[in-house]
Amino acid sequence: MRGKALLLGGASLLLAATVAQGQTTTTTVTHKHRYHHRGKVVKTTVVTTSSERAPAAMPAPPPPPASTDPSLEERVRRLEEQLDAQREKAQAEHTRLSTLEQNFNDTSWTFDNARPTIKSGDGRFTMALRVRFQVDAANFFQDDPHDPSNMAQYKDLSDGAVVRRAFLGVEGKAFNDFWYEFRYNAGGSNGGGANATEGDPNLSLARVAYLGIPSFELNLGVIEPAFMFEGTTSSGQLMFMERPEIENIALDSFGGGDARRGIEARFQQADFLMPGDNFVLGADFTGSKTGSIAGHGNGGDEQTQAMLHGSYRLWSDGVSNLIFGGDYSHAFTGGGVGTINLQDRPELRVDGTRLISTGNIFAKTANMWAFNGGMNFENFFLGGEYAHFSVDRAAVLGGHTLDNPEFSGWFVEGSWVITGEPKSYSVSATNNEVGGFGAPKVASPFSLAGDSWGAWELTARYSNTDLNWNQNSALLPSGLPGVAGGEERIVMLGLNWYLNNNIKLQLNDGIVHVSKLNAPGGAIQVGQDFNELGIRLQFTN
């Protein structure tokens, strides 16, 4: 019994251990044995207990590690920023469109460069008020007109002052593709003189231009053709008070200048053949000036001109420029025999006297051609031009002859802008100021409070105009005399003070030499040497 108790106690201990662990499986097996001991049969029971630990439960999988890829976070952040930007842009576009819809029919005023401009809400219509006035004063320092040895043709030119130009006008855009310009001139340039036959017209410009074809412009009405080297420079941006003589002769007699009835077609394109270039080609058909009475009335036909103008900017670095160009004009005197008179003043117009003049030449036609070139290197400028004129002269009673007088002239000019501003170059324009040089843009306008003195420019020009042709011949084989129009040489020195982009003071000092016979084949020299001093006050917007 004792052994049996021991076995039962061991089994109890094992069972308690199993319960305590909670994870152990206990298996009890009872074996019964029978054997003989000392002649007796003994029965025994053996209980076998085995324990087996249940497999431990699998641990829960750990959470996925947080992303440590910075590029992914950056991409997400950028996408969020892009979405925010798109939302802001959409809101701005909505606001802008709403504003445009509200203000579609409203107008606005601007005052760019002291130029009042009104503009429609859709931008298809504009109107700007233009003003320009120039007041000139001049003195001519000639020999004593009472000296008996003084044989000058014009001994006492008139000192004084004149309102050279007084422009008032409007210009602007209509229906987006049309440009209009109207300009009234209350000034004048003729201060009198024996052979000053006409003054500046009151109607200076009245034109309509079509701009609807890219790179093309078509002008019709009272126009100012783009013609000659300084003919493409506004009168408000000239280096000197007046253009050189050969240009005035060409403009007056061969179809250029102000207030010319006509039609003009022009092509202009930048980067035409290579980057930085600029090509301008224009063709004009013009009549007389609006202030001229020539060719009107019974039996009269108006003089007309066919003109070509070309200009090419060969090189530019954005500040400096190099250009060259050429011009041609054919003048029709009116279907029969008319008159051509080549003449000009001594590059000042306070007195209107022409010191050199061919007089009226009876002619069927007349022709001229010219070539020019110019460049600015930063604040230095150099330019020049040569022109040749020829007249198909006829006898007084009509009919052609073999007599074709020829005349010529040239000039060279330069400037130095002391304050450093470069000359401006006009690539394109709605008027005739295209493909030419203009005044410098003032960097620091004049102001005593700001200690600024505007821009200062020194200028110089030499011009030589020869209107003589066989002047020593009183009679040629054709039966007509030579032409003693005279030769004029002028050295003009100048100082320009640009107080700002609107106001300018100019001082010109001209040294004039005139060589002229009293008549073809004459023996009396009626030319002279003298000095002229001119000053101009100008406002332009």
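The values are calculated or read from the model by the stated rules, or taken from the named source; none is laboratory data. Computed from a predicted model, the values in this text were never measured in an experiment. Please note: Cβ atoms are built from the backbone with ideal geometry, for glycine as well, and neighbour counts cover all protein chains shown.
The set of residues in the range 234-256 that are assigned to a loop (DSSP other than H, G, I, E, B) and either buried (at least 22 other Cβ atoms within 10 Å of the Cβ) or outside the structural domain of residue 468 (by TED's automatic domain parsing) (or both) comprises 239, 240, 241, 242, 243, 244, 254, 255, 256.
Out of the residues in the range 175-190 that are surrounded by 15 or more Cβ atoms within 10 Å (Cβ to Cβ) and of a type outside the set (Phe, Trp, Tyr), which is farthest from residue 134 (Cα to Cα)?
If we filter the range 175-190 for residues that are surrounded by 15 or more Cβ atoms within 10 Å (Cβ to Cβ), which is where we start, we get 178-185, 187-190.
Now restrict to residues that are of a type outside the set (Phe, Trp, Tyr): 181, 183, 185, 187-190.
Working: 181: 20, 183: 15, 185: 11, 187: 8, 188: 10, 189: 11, 190: 14 Å.
This residue is 181.
When the range 441-491 is limited to residues that are in a strand (DSSP E or B), hydroxyl-bearing (Ser, Thr, Tyr) and surrounded by fewer than 19 Cβ atoms within 10 Å (Cβ to Cβ), the one that is modelled with the lowest pLDDT turns out to be 452. Meeting the requirement of 1 or more residues that are closer than 15 Å to residue 461 by Cβ and either at pLDDT below 95 or among the charged types (D, E, K, R) (or both), the strands (runs of 3 or more DSSP E) wholly within the range 368-435 are 380-393, 406-417. In the range 275-302, of all residues being touching a His at 6+ places or on another chain (Cβ under 9 Å) and modelled with pLDDT of 85 or more, the one that is surrounded by the fewest Cβ atoms within 10 Å (Cβ to Cβ) corresponds to 283. If the condition is being out of contact with any helix residue (DSSP H, G or I) (no Cβ under 9 Å at 6 or more places or on another chain) and surrounded by fewer than 20 Cβ atoms within 10 Å (Cβ to Cβ), then the range 401-421 contributes 401, 402, 404, 406, 412, 414, 416, 418, 419, 420.
Residues are listed down the side, and each one gets a yes or a no for (1) over 30 Å from residue 349 (Cβ atoms); (2) modelled with pLDDT under 90; (3) loosely packed, with under 14 Cβ neighbours inside 10 Å:
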| position | (1), (2), (3) |
| --- | --- |
| 70 | yes, yes, yes |
| 79 | yes, yes, yes |
| 84 | yes, yes, yes |
| 89 | yes, yes, yes |
| 104 | yes, yes, yes |
| 107 | yes, yes, yes |
| 125 | yes, no, no |
| 129 | no, no, no |
| 139 | no, no, no |
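Beta carbons closer than 8 Å, at least 6 apart along the sequence or on distinct chains, pair a first residue in the range 275-294 that is farther than 14 Å from residue 227 by Cβ and part of a loop (DSSP other than H, G, I, E, B) with a second that is at pLDDT 90 or above and of a type in the set (D, E, K, R) for 276/313; 276/317; 277/271; 277/313; 290/261.
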